[in-house]
Amino acid sequence: MIHYDEAHHIFKLDTPNTSYVFGLTDESYPGQIYYGRKIEDTDLGYLLREDERPQPPSVLRREKAGYFDFYPMEYPTGGIGDARESCIGIRTMDGQEGLELRYGSHQIYAGKKPLEGLPATWDENQSCSTLEMVLEDEVTGLRVILSYTAFEDVDVITRSVRVENAGDRSIYLTKVLSACLHVEQEHLEVLTLPGSWSRERQIQRQKLGYGSIVTESIRGISSHQDHPFMALVTENCTQTTGDVYAMNFVYSGNFLAKAMRDQFDQIRMVMGIHPDRFCWKLEPGETFWAPEVVMVYSDEGLGKMTRTFHSLYRRHLIRGYWKDRRRPVLINNWEATYFDFDTEKLLAIAREAAERGIEMLVVDDGWFGHRSNDDSSLGDWQVNESKLPGGFAYLAQEVNKLGMKLGIWLEPEMVSEDSDLYRAHPDWVLRMNGREPGQARAQYVLDLSRPEVAEYVYGMIRDVLSSANIEYVKWDMNRLLSDVGSLTLPSDRQGEILHRYMLAVYGLQERLTKDFPQLLLENCCSGGGRFDPGMLYYSPQIWCSDDTDAIERLSIQEGTQLLYPLSCIGAHVSICPNHGTGRVTPFETRGAVALSGTFGYELDITRLSDEEKNQIPGQTAAYKKYSHLIRNGEYYRIASWRENHLYDCFMVVSEDRTEALCTYVQVLSQINYKSRRIRLQGLDPDAFYSVTGVTLAETSETEDAAAAESSENAAAAGCGNNAGPKRYQGAALMYAGILMPRVMGDFQARLLHIMKI
Ligand code: DGJ
């Protein structure tokens, strides 16, 4: 619901439990007033401090430049007195950089319009409402349209910006951020998700003193190192208590998020496309669209924030055929064979996999050109028939005979120096005049800002997919963008390349999902380097990390689950000793950890021991049985190994609170310790439940859900007995807890199935 209080010039956006309020001064400067728990009253203009006198006392009037330095401008501009981080920067043809935006008009309408060329949240029932407020700069004729959508079914406000050049001269946009939030609250910390390749999205909290905290990417991808997310949280914030003001950027390229505490203890947080290496020339009559920011406020800590993001992304971001469908259990040959495979080897894997409930074979890197290592063939997307005679048509036919689907890996944005494509078009890569572009992983980045290059790439993808019954694509991207120059764009448009590149990637994936509507697309970027809401709009799942070690995965998945639903987090069981860490973990634990994602295998099944092979039917059956919970369950984080250094615990609960699955991993064993009391969450306090342990190790030959049912064992949970399931009141399970028995050995996982009786 969005309301405009005409008498007081106040805009108020309400979601079920939150309000976001801003107003206009007498001079029509929009200023932020409030974001937080829902308030009914709209008359909050008194908070704009319009009458507050400046220092020193000798100055009798409120003056513009001084006022702007503390006014909580809804969309701050640079150059006219506000010395804090601004949201928009311009340069006129005269080389001048100031901009003064005043309210011009607004409209409020039901529903939400798409953002041109960009991923964005949507609402097919049009039950949300949108405010578009037009701000105008008298001197340049620039119009800045701030769009806000308030969702009716989830406590989210989304924001985006478009800039129209309504003047008669070209103008350069040097910065267009998408959102700004002001908070006046003591004792705030900033929560971000920094990381690295194979260590993505590690939760970090830092006290916000005077000055700024920044998280940003200038790598051309949202990146492993930083994440387009920032939250202000109160110092006492836990999973269940405290205030959270969060922003997540629906974009996959360079971004900037910054929080700063100013001299008056006001906090400003901004987010948008990184202004570094960004400069967009806007001709008269043209519009620039800036991507969307999702804002979430929670007054019940991080847990509520997480569930809000999950609901939004499940309902209003992820699209397409696979949105609400259980994804097939896959087996990927990367860690099984790397580049060393042929049809025979793949079919041997597929045969053993099919017998154990695995539903799809994915052929990873190395099937094309003459690629037998990292050094060649990207761009030459013809099947290497010496490895795969008969191409994918034959392989798909044989795999389909086993009752499985076939999926393939592609890296369409790249080209190897040793490739026919590069030999024919060395100018098709990002490069600057007179400089040799740098390689990373022996590859160059195709200059997708050139339409003819993007068109070629699409033709190649379409040809491969049309050649056989290919039902899944893993779209990989394995390097940062460097040498950001394009040989065809004019000199004053070189600053547009990075954003044009991103728009081209989005355009390609949009076409792909339209032309192959039932294709299951999984994005990947050397693991989780482009795991963001932008990519999620095109692919319902994203490979979370190249680190497949079950223990390392606990914290990578925890950081990822903080924002993203489990249904979109690519997670696989891999071989031990783990290829990345050398750690040995029980097969059952690897299964339990991968179960909190899209679930699959990344190993040579033909080389597993019988004991391990025999666990696979139980695991695949459990995934099938509990996938409704994994896909749609409300997520509760109970304990974090990252914090306590001993154990990890989280659960998913069905929306109607009748069923839940709890994952517990004892990471490190201790001597002289008793069972551990765990307090469950999210259940109905008045209802009664059974609690049973799910034994993934159970040998089973059947593929259906009944296999997992039979493997449930009350005693295994340590909280029932063999005389029949005990009844536990929800209140008891949540407030008093259950006892997780101490087990011998490190890396021991337990799964509990909780069912209302
Ligand atoms: C990086 C991906 O994250 C891996 O899973 C694998 O597909 C390799 N690329 C292949 O080159």
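Of these, R351, R356, which one is of a type in the set (K, R), away from the ligand (no atom under 13 Å from the Cβ), under 32 Å from the mean Cα position of the chain (by Cα) and open to solvent by 10 Å² or more (accessible area, probe 1.4 Å)?
Result: R356 is the single residue among R351, R356 that is of a type in the set (K, R), away from the ligand (no atom under 13 Å from the Cβ), under 32 Å from the mean Cα position of the chain (by Cα) and open to solvent by 10 Å² or more (accessible area, probe 1.4 Å).
For the stretch 155-169, which positions are touching a helix residue (DSSP H, G or I) at 6+ places or on another chain (Cβ under 9 Å) and open to solvent by 10 Å² or more (accessible area, probe 1.4 Å)? Spell out the reasoning first.
We begin by selecting, within the stretch 155-169, every residue touching a helix residue (DSSP H, G or I) at 6+ places or on another chain (Cβ under 9 Å); these are 155-156, 158.
Answer for the stretch 155-169, where residues must be touching a helix residue (DSSP H, G or I) at 6+ places or on another chain (Cβ under 9 Å) and open to solvent by 10 Å² or more (accessible area, probe 1.4 Å): just D155.
Tally up the residues in the stretch 359-382 that are buried (at least 19 other Cβ atoms within 10 Å of the Cβ) and on the phi < 0 side of the Ramachandran plot, please.
Of the residues in that region, 14 qualify.
Using the structure shown, decide if S539 is within 24 Å of I408 (Cα to Cα) and touching a residue at least 40 places away in the same chain (Cβ under 8 Å).
yes
(1) at pLDDT 95 or above; (2) over 31 Å from the mean Cα position of the chain (by Cα); (3) surrounded by fewer than 16 Cβ atoms within 10 Å (Cβ to Cβ); (4) not aromatic (F, W, Y): which one isn't true of K38, the others all being true?
(2)
Assuming T18 fulfils every condition listed in (1) at pLDDT below 95; (2) of a type in the set (V, I, T); (3) closer than 26 Å to K258 by Cα apart from one, which condition is it?
With (1) at pLDDT below 95; (2) of a type in the set (V, I, T); (3) closer than 26 Å to K258 by Cα applied to T18, the lone miss is (1).
Filter the stretch 16-35 down to residues that are of a type outside the set (G, A, S) and open to solvent by 20 Å² or more (accessible area, probe 1.4 Å) and give me whichever is nearest to F70 (Cα to Cα).
Among them, the one singled out is I33.
Within the stretch 278-312, can you find the residues that are of a type in the set (D, E, K, R) and either under 26 Å from V156 (Cα atoms) or in contact with a helix residue (DSSP H, G or I) (Cβ under 6 Å, 6 or more places away or on another chain) (or both)?
Kept after step one, since they are of a type in the set (D, E, K, R), are these residues of the stretch 278-312: 281, 283, 286, 292, 299-300, 304, 307.
Selection gives K281, E292, D299, E300, K304, R307.
Kindly check whether there is at least one residue in the stretch 223-235 that is farther than 16 Å from C524 by Cα, touching a residue at least 24 places away in the same chain (Cβ under 8 Å), over 19 Å from the mean Cα position of the chain (by Cα) and open to solvent by 50 Å² or more (accessible area, probe 1.4 Å).
Looking for residues that are farther than 16 Å from C524 by Cα, touching a residue at least 24 places away in the same chain (Cβ under 8 Å), over 19 Å from the mean Cα position of the chain (by Cα) and open to solvent by 50 Å² or more (accessible area, probe 1.4 Å), one finds at least one in the stretch 223-235, hence yes.
Among all residue pairs at least 6 apart or on different chains, which show Cβ distances below 8 Å where the first residue, located in the stretch 602-613, is closer than 24 Å to C544 by Cα and within 16 Å of the ligand (Cβ to nearest atom) and the second is open to solvent by less than 50 Å² (accessible area, probe 1.4 Å) and acidic (D, E)?
Pairs found: E602/E335; L603/E335.
Going by the conditions given, is Y71 in contact with a Phe, Trp or Tyr (Cβ under 8 Å, 6 or more places away or on another chain), hydroxyl-bearing (S, T, Y) and either part of a loop (DSSP other than H, G, I, E, B) or at pLDDT 95 or above (or both)?
yes
Could you check the stretch 322-334 and list, in sequence order, the residues that are open to solvent by 20 Å² or more (accessible area, probe 1.4 Å) and either at pLDDT below 95 or within 16 Å of the ligand (Cβ to nearest atom) (or both)?
Scanning the stretch 322-334 gives a single hit, W334.
Tally the residues that are at pLDDT 95 or above, more than 21 Å from G618 (Cβ to Cβ) and open to solvent by less than 60 Å² (accessible area, probe 1.4 Å), restricting the search to the stretch 710-757.
Counting residues in the stretch 710-757 that are at pLDDT 95 or above, more than 21 Å from G618 (Cβ to Cβ) and open to solvent by less than 60 Å² (accessible area, probe 1.4 Å) gives 9.
Determine whether Y626 is assigned to a helix (DSSP H, G or I), away from the ligand (no atom under 16 Å from the Cβ) and among the aromatic types (F, W, Y).
So Y626 passes the test.
The values are calculated or read from the model by the stated rules, or taken from the named source; none is laboratory data. Because the structure is predicted, anything quoted here is derived from the model rather than measured. Heads up, the Cβs are rebuilt from the backbone with ideal geometry, glycines too, and the neighbour counts pull from every protein chain shown. Areas reflect the complete protein model, heavy atoms only, side chains present, ligands, DNA and RNA absent. Shrake-Rupley method; radii C 1.70, N 1.55, O 1.52, S 1.80 Å.
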